[in-house]
Amino acid sequence: MQMAGQGSGGNVLAALCSFFIPGLGQLLQGRLLMAIVQFVLAAVLWFILMGWIIHLWSIIDAARFTPKS
């Protein structure tokens, strides 16, 4: 399943998903490896109160994603 590019409704949905669970938006976009990386990094860094950085990165990354043709 391919989603439309940056600024599309699909990216907005992906960004909203990543807002609730880091990496979920990337998973929705079909980017399994990036989803795992962001989820694990956020989980690990929340223990030292720095997970919000990865959480924000996940949201921005999902919103700005442009699939390669």
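Filtering segment 9-26 to residues that are among the polar types (S, T, N, Q) and free of Cβ contacts under 8 Å to residues at least 40 places away in the same chain leaves only GLN26. Total residues in segment 42-69 satisfying the condition of being hydroxyl-bearing (Ser, Thr, Tyr) and in a helix (DSSP H, G or I): the figure is 1. The residue of segment 33-69 that is nearest to ALA15 (Cα to Cα), among those that are in contact (Cβ under 8 Å) with a residue 12 or more places away in the chain and polar (S, T, N, Q), is SER58.
Since every read-out is calculated from the coordinates, none of them should be taken as a lab result. Note that the structure is a prediction, hence the values are computed from the model and not measured. No Cβ is skipped: glycine too gets one built from the backbone with ideal geometry, and neighbour counts run over all protein chains shown.
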